[in-house]
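The values are calculated or read from the model by the stated rules, or taken from the named source; none is laboratory data. Just so we're clear, the structure is a prediction, and the values are computed from it rather than from any experiment. No Cβ is skipped: glycine too gets one built from the backbone with ideal geometry, and neighbour counts run over all protein chains shown. We work out accessible area using only protein heavy atoms, side chains counted, and drop any ligands, DNA or RNA first. Shrake-Rupley method; radii C 1.70, N 1.55, O 1.52, S 1.80 Å.
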Amino acid sequence: MQKIPITVEVNGRKASREVEPRLLLVHFLREALGLTGTKIGCDTSQCGSCTVHLDGMAVKSCTVLAVQANGSQVTTIEGLGNGELHPMQQAFWDNHGLQCGYCTPGMIMTATKLLEENPNPSDEEIRDGLEGNLCRCTGYENIVKAIRAAAETARGGS
Amino acid sequence: MYPEAFSYHAPSTVEEALALLERHGDDAKLLAGGHSLLPAMKLRLSGPTHIIDMKHLRGSLDYIRDEGDDVAIGALTTHRSLERSELLRGKLPVLAETAGCIGDMQVRNLGTLGGSVAHADPAGDLPAAVLALDAVLVAQGSGGTRTIAAGEFFHGFFETALEAGEILIELRIPTLAAGSGSSYQKFFHPASGYAVCGAAAVITPDASGNVASCRVALTGVSEGAYRATAVEEALVGKPFSEELAAAAAEHAADGIEPLEDYFADATYRGHLAKTFVKRALLTAWERSG
Amino acid sequence: MAKYVGARQKRVEDPRLITGNARYLEDVQLPGMLHAAVLRSPYAHARIDSIDTSAASRLPGVVAVFTGQDFADLNPLPCAWQAGGVTNNANTPRVLEIDKVTHTGMGIAVVVAEDRYAAEDALAHIEVAYSVLPTVVDAKKATEAGAPQLHENAPDNICMTWECGDQDGTDRALGASDVVIREHLTNQRLIPTAMEPRGAIGSYDPGTEEYTVWMTSQAPHVMRLLMTAFVMGIPETKMRCLSPQVGGAFGSKIFLYPEYPMVAVLAQKLGRPVKWTESRQENYIATTHGRDHQTDFEVGALRDGTITALKVTTYANLGGTLSTIAPGIPTSLYGSMLSGTYKIPHLHCQVYGVYTNTAMVDAYRGAGRPEATFVIERAVDLVARELNLDPAEVRRKNFIQPEDFPYEPASNLLNGLAYDSGEYEKALERALEQVGYREFRQEQQEARQQGRYLGIGLSSYVEICGVAPSKWVGLPGEGWGAGLWESANVRVHLTGKTVVTTGSQSHGQGLETTMAQVVADELGIPIEDIEVKHSDTMSTPFGYGTYGSRSAAVGTIALYNSVQRIKEKARKLGAHMLEASEEDVVYQDGNVFVKGSPEQAKTIQEIAGAAAVAYDLPAGMEPFLDDTAYYDPPNCTYPFGTHICIVEVDTDTGRVEIKRYLSVDDCGPVINPLIADGQVQGGITQGIAQALYEFAAYDDSGQLLTASMMDYAIPKAEHLPHFENSHTVTPSPVNPMGIKGIGEAGTIASAPAVVNAVVDALSPFGIRDINMPLTPQAVWRAIQEAGR
Ligand SMILES: Cc1cc2nc3c(=O)[nH]c(=O)nc-3n(C[C@H](O)[C@H](O)[C@H](O)COP(=O)(O)OP(=O)(O)OC[C@H]3O[C@@H](n4cnc5c(N)ncnc54)[C@H](O)[C@@H]3O)c2cc1C
Ligand code: FES
Ligand code: FES
């Protein structure tokens, strides 16, 4: 079986491993590196639970091979706040933007990118921006609210 | 969930990639954004034993260039780049609009124009735009490059004019005539987000408000994206009106046996084709001038 | 003074969830752990002629391959809730099937390997010879002559025939009505789709002969009981079950599934821990589904809108075999609630529980009550339409009034129980006022003139929650093979830090917060000093788990009672410490003092310390502040409310857009509005999903066509409106906190509100009903057919 050495900078730290080419990035993060905050919710790339940042872009880590990420930088939910709560995490907490929490890491990773690109989104833009992330618990009401609140915080509002 | 085992190659030039393709033949698959291929491999619907990752070709195949009469776009350009390109928004807005309708942000960040077109998913969005824009596709094989007109490219269910061992490297899209309007109208499948029906239209008016020229293409409706020439013929040379658009749109599925599934049967899909062609025509006309 | 209860308290469980530090089942790694993958039948109905595992066993990384024969000494899984008072021809799955399958996805063999990729690879190398049998997927067709027969003990595929109410009286009343309206309703099959798929990990200690099973369960204590006593035949004391963090469930994680005892036995056989987690596809084909009713009803009314009788016949599809509590859902939790919020003098309901070649159907959020509410709320709208009356008016006319409580639905529908309390009209009026009902009717008229189709739909629901009274629900009554009380233990440690353990199980409801709120207020200590622990049979008292919106109205009351006893003991000890007489001291806000002298108080922390060091206790007092309470309520609780939905229908495409959605719910006093609203919003979403998007589609051969998230449409953010939620507060007399429950209300209320709105929008076309789900195609087709 072919094994390929890869080095990925995950949450600021370089991680080198030999992996099977077929290993998915999400399994690399969860199994090889023990970063289990990133979740798996589907087999068909719909749910977004596995969303991480790959070289600064939100991607579904279940639809990327670990070998494709060789030489790249990855940020997962564990590395988002640099040891503190990222304002988006805080906003999800403050606004009850989660129930079972399973979609939450992916949701937060998507939401941070959404605001980077559009710092002042309308509710409709937030809802559209979440099209790649499914939540079965919240009905999205408080997720939208949390993202709006995080946007306000980032703009220096209260 | 778990793809079958394969050997992995990451060539650094198109030539190397072509050599690998030739060596491994049918056992090999090119990997672009991976957003059609990997889902199929995870479900074990596809099991190539060699994967040729084109990530190192991004340097040479990821671009959007204004070349005067044409806009040239590298095959590895992502949906996201298409969607956000100022050049396209100005010159070929329907391409940016269509790319923006694909999947979600995460998918658009990795999925590529070349992958979408080469994959020829019957519910994929870009093939409709590529047809309506009358693009020319550039393929490279061991014997050199050749061009294929968009109208010749799509052969139904995941089938294209690309030959084994060829790589799609570029799309060349003629810039639109002055005053043209264009639009892509999509009926999203609520679960997959793919097109249950998608209609792309490009219309150029003449000075007196007649339709000088027009191209209309559909996706989602049939086994592959297609040009609705009967719609085009019903419009050209006539003064545009809502009634004319509606009457022309009635021809949206002429000669087509619409696809049928649990979500939309053939009758309903055929109806959607007409409805979305009409909407695309009206919006394109509104944007023209 | 309540400080926490009633406040929008942020959840205490969130920090670990938002940082990725919560441990779900998939995140649990044990040393030496192996990975299992299950081979599932691709056929919906087949005999298994032979299985050859030899090639698979030889593959690299594969440790062992087992088939049903290897588990033949285990009993089939039990069905713990059979329909009350009637024969149930029960057939349940085995850990792995041995000779026959009755739906796709049933387990046939299991590969255990060093990693999941290797296990998955081996599945393709197991050779199974099947004799494929004819299939039936439709419950009504399954009962007809000539239909394929699934089980020898169930002629015509009927598992059970159950009824409630009074057939003769209902027929007579229908005969005497001014109008009788008949309709056929489909309550389509849904897939619960918790975002976290199911899974289990087994481990075995040969030294102590003890099993430990981690699993995604809403009821670990019940799982242990069923696995040990019923399936494996070992003492309960030899197994520990735990649910780690559970990522949503909606009913689907109540039940015992074959894989749970399987991983336990595999761990024992192989001497290493074994993990199994399902893919989404497995989740769709092999985890339980919900609903799937076909119903015919007749409703009688007088010209003035008074409803005189309701007669209902339902075919409930139970799937290929019975899941753990499947027969209880379309009977006790459905037929019993068909009177809704109305005084209907005569009712009768007949239910056929039917086997078909489809996945097992069991409780899914709301479980029976959404189906009942759908029938009655559609029926009321149809009455209004037939008589040309306002649907709000017909509701008002028939509502059970506040003075009627406790209200026993007619025809002994509820088998001796009575609705506890309610002000149905108040909730309706509040909702109508908030939505601007009259103004909307005006707007609707104007829109129609411009060719736009707006519609409004009402749903005034009542549900049954806190499902518990053991006497009622148990075997002699509704057929549940156990009681349904709940438990809690409260321990105040030396420094006053308090640990609460509960038999309830939190999987998104925020029980760690709401329970802590109650304890904090009652004990008078900061919420930070309280830890709520659950989901481990070793460290929590036996409890039946979390479902049926019972963790507030039953689980939390057990906790409340326990805290009262702790307080009483603290008061006595405090009196002793203050050298005062017991009668003179009071417990208030965490302090014990002589009435009138709060300045000389002993704090709960001081008292807890004194109770623990125990140098000086009153004569006869045991050390430590520790109490366990078991609570079996006298009745269920009956939350209610009115939901209103406004839609616009695009008649070109049939697409429905929800313009507004508004809810007024009454769950009694709200412990935490933040959490209650969240529950309502999530619940409404699942009902909207049923009305417009979701359906599990089978083809005639029993293949699930919607077996992935690419096909099964769970709603996205863009599909949903902003929700306008509010509450009225009518305490329940059933329990000391007056709590009713809120976990399922949204789902129960919302589907009929949406369907009523769409039908209202399309009334100019003469459309009076469209079967769910109201997909664009279904709506478009209805318009086409009406136009003809
Ligand atoms: C969740 C999800 C939602 C999606 N929604 C949509 C949607 O709404 N609309 C839509 O149109 N698409 C959708 N897609 C598909 C997406 O657009 C894909 O990115 C695209 O179809 C394929 O592009 P790719 O670069 O990912 O190609 P890959 O998956 O890498 O390749 C696809 C196929 O094309 C071949 N190929 C790739 N590049 C070339 C090339 N340059 N020359 C020759 N052959 C090549 C590959 O060998 C492979 O067979 C979705 C995908 C996902 C996962
Ligand atoms: S796991 Fe669902 S999108 Fe990646
Ligand atoms: S919080 Fe449970 S899936 Fe989103």
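Order of A:82-92, C:500-510, A:32-42, C:429-439 by packing, highest average Cβ count within 10 Å first?
Most protected by this proxy first, the peptides run C:500-510, A:32-42, A:82-92, C:429-439.
Could you tell me which residue out of C:G620, C:N561, C:A575 lies farthest along the dipole of the range C:560-641 toward its positive end? Charges go on the beta carbon: Lys and Arg +1, Asp and Glu -1, centred on the Cα centre.
Positive-most Cα among the choices belongs to C:N561.
Can you tell me the length gained on complete extension of the stretch B:E163 to B:D66, counting 0.36 nm per residue apart and subtracting the Cα distance?
Answer, rounded to one decimal: 32.1 nm.
List the lysines whose alpha-carbon lies under 25 Å from that of C:K269, not counting same-chain residues fewer than 8 positions away?
C:K100, C:K238
Let me know the shape class of chain C, please: from the alpha-carbon gyration tensor, a ≥ b ≥ c as square roots of the eigenvalues, rounded when a/c is under 1.5, otherwise prolate if a/b is greater than b/c, or oblate.
The shape class here is oblate.
Assuming R0 = 22 Å, what is the FRET efficiency of B:S241 and C:D652, from their Cβ-Cβ distance, to the nearest 0.05?
Calculated value: 0.75.
Taking the 0 to 90 degree range and rounding to the nearest ten, how far is the long axis of helix B:14-24 tilted relative to the main principal axis of chain B, both from C-alpha atoms?
Roughly 70 degrees between the two axes.
Can you give me the distance in nm between label points at C:E403 and C:R172, each placed 7 Å from the Cα along the Cα-to-Cβ direction?
Roughly 2.8 nm, to one decimal.
Name the lysines eligible as straight-distance cross-link partners of C:K569: C-alpha to C-alpha under 26 Å, and not fewer than 8 places from it in the same chain.
C:K3, C:K497, C:K533, C:K595, C:K602
How crowded by other chains is C:241-248, given as the mean number of beta carbons from other chains within 10 Å of each beta carbon?
For peptide C:241-248, the averaged partner shielding equals 3.
Quick one: order B:S12, C:S57 from most to least accessible surface, probe 1.4 Å.
B:S12, C:S57
Using r as the Cβ-Cβ distance of B:R89 and C:N21, and R0 as 56 Å, what FRET efficiency do you calculate, to the nearest 0.05? Before the final figure, lay out the partial values.
On the way: r = 42 Å, r/R0 = 0.76.
Efficiency computed from Cβ-Cβ geometry: 0.85.
Counting pairs of alpha carbon atoms under 8 Å apart in space and at least six apart in sequence, what relative contact order in percent does chain B give?
15
How large is ³J(HN,Hα), in whole Hz, for each residue of the range C:734-747 in order, when computed from phi with the Karplus curve 6.51 cos²θ - 1.76 cosθ + 1.60 and θ = phi - 60°, using x for Gly and Pro?
Whole-Hz 3J(HN,Hα) from phi for the range C:734-747: 6, 10, x, 8, x, 6, 10, x, 9, x, 10, 3, x, 5.
Sort C:635-647, B:110-122, C:764-776, A:112-124 for me by packing, meaning the mean count of neighbouring Cβ atoms within 10 Å per residue, highest on top.
Most protected by this proxy first, the peptides run C:635-647, B:110-122, C:764-776, A:112-124.
Length gain on complete extension for the stretch C:S54 to C:A2, per 0.36 nm per residue less the alpha carbon to alpha carbon distance?
Computed gain between C:S54 and C:A2 is 12.1 nm.
How big is the antiparallel share of DSSP beta bridges in the protein assembly as shown, given as a percent to the nearest 5? Mind dumping the intermediate values first?
On the way: 156 of 194 bridges.
The antiparallel fraction comes to roughly 80 percent.
Could you pull the Cα extents of the protein assembly as shown along its three principal axes, largest to smallest, in whole Å?
The Cα atoms of the protein assembly as shown stretch 101, 75, 69 Å along the principal axes, largest first.
Using a basic spin-label model with each label point 7 Å from the Cα along Cα→Cβ, how many nm lie between C:L705 and C:E210?
For the pair C:L705/C:E210, the computed spacing is 5.2 nm.
Just checking the output field for C:677-684: average partner chain Cβ neighbours within 10 Å of each residue's Cβ?
5
Among C:317-325, C:409-417, C:138-146, C:36-44, how do they line up from the highest to the lowest mean number of other beta-carbon atoms within 10 Å?
Final packing ranking: C:317-325, C:36-44, C:409-417, C:138-146.
Count the lysine pairs in chain B whose Cα atoms lie under 24 Å apart, taking only pairs 8 or more positions apart in sequence or on different chains.
The result is 9.
Report the calculated FRET efficiency for C:E183 and B:A149 (r = Cβ-Cβ distance, R0 = 56 Å), to the nearest 0.05. Don't skip to the answer; put the middle values down first.
Details: r = 56 Å, r/R0 = 1.00.
My answer for the efficiency is 0.50.
Quote the relative contact order of chain A in percent (integer), defining contacts as alpha-carbon pairs under 8 Å separated by 6+ residues.
For chain A, the relative contact order is 24 percent.
Compute the angle between helix A:104-117 and the longest alpha-carbon principal axis of chain A, please, reported from 0 to 90 degrees and rounded to the nearest 10.
70
Rounded to whole Hz and in sequence order, give me ³J(HN,Hα) for the range B:225-238 from the Karplus expression 6.51 cos²θ - 1.76 cosθ + 1.60, θ = phi - 60°, writing x for Gly and Pro.
Those phi angles translate into 5, 8, 7, 8, 5, 5, 5, 4, 4, 5, 9, 4, x, 10 Hz.
So between C:L30 and C:E433, what do we pick up on full extension, going 0.36 nm a residue minus the alpha carbon distance?
Gain in length upon complete extension: 139.3 nm.
Could you run the Karplus curve 6.51 cos²θ - 1.76 cosθ + 1.60 with θ = phi - 60° over the range C:516-522 and give me ³J(HN,Hα) per residue in whole Hz, x for Gly and Pro?
Calculated HN-Hα couplings, in order: 5, 4, 5, 5, 4, 5, 5 Hz.
Please list, in order, the residues from the range C:484-507 whose amide nitrogen is less than 12 Å from a point placed 7 Å along the Cα→Cβ vector of C:S539.
It comes to C:499-502, nothing else.
If C:W780, B:W285 are ordered by their accessible area, calculated over protein heavy atoms with a 1.4 Å probe, which sequence runs from highest to lowest?
The residues order as B:W285, C:W780, largest area first.
Quickly work out the C:E568-to-A:Q2 label distance, labels modelled 7 Å from Cα along the C-beta direction, and quote it in nm with one decimal.
Here the modelled spin labels are 7.4 nm apart.
Quick one: which residues, 5 or more positions from C:I344 or on another chain, have an amide H under 5 Å from its amide H? H modelled 1.01 Å from N in the peptide plane, none for Pro or chain starts.
Answer set, sorted by chain and number: C:A410.
Per 5 Å bin from zero, what fraction in whole % of the C-alpha pairs of the range A:87-154 is there, up to the bin with the longest pair?
Pairs per bin, as whole percents: 4, 20, 36, 28, 10, 2.
Mind checking the mean number of beta-carbon atoms from other chains within 10 Å of the Cβ atoms in B:180-188?
Mean inter-chain Cβ contacts per residue within 10 Å come to 1.
Please state the shape class of the range B:45-171: rounded when a/c is under 1.5, otherwise prolate if a/b exceeds b/c and oblate if not, all from the C-alpha gyration tensor.
rounded
Among bridges DSSP assigns within the range C:488-613, what percent are antiparallel (round to 5)?
On the way: 11 of 16 bridges.
DSSP beta bridges in the range C:488-613 are roughly 70 percent antiparallel.
When only DSSP loop residues count, what trypsin sites (Lys or Arg not before Pro) in the range C:269-329 have their Cβ near at most 14 other Cβ atoms within 10 Å?
Working: sites: C:K269, C:K275, C:R280, C:R291, C:R303, C:K311; in loops: C:R303.
Answer in residue order: C:R303.
List the residues whose amide H sits under 5 Å from the amide H of C:S323, counting only those 5 or more places along or on another chain, with H placed 1.01 Å from N in the peptide plane.
C:V361
Any chance you could tell me what percent of the C-alpha pair distances in the range B:7-51 go past 11 Å?
Details: 651 of 990 pairs.
Percentage above 11 Å: 66.
Could you tell me which of rounded, prolate or oblate describes chain B, using a ≥ b ≥ c as the square roots of the eigenvalues of the alpha-carbon gyration tensor, with rounded for a/c under 1.5 and, failing that, prolate when a/b is larger than b/c and oblate otherwise?
Because a/c hits 1.5 or more and a/b exceeds b/c, chain B counts as prolate.
Reachable aspartates and glutamates from C:K572, Cα under 19 Å, same-chain residues fewer than 8 places away excluded?
Straight-line reach from C:K572, under 19 Å: C:E522, C:E582, C:E583, C:D584, C:D589, C:E599, C:E606, C:D616, C:E622, C:D626, C:D627.
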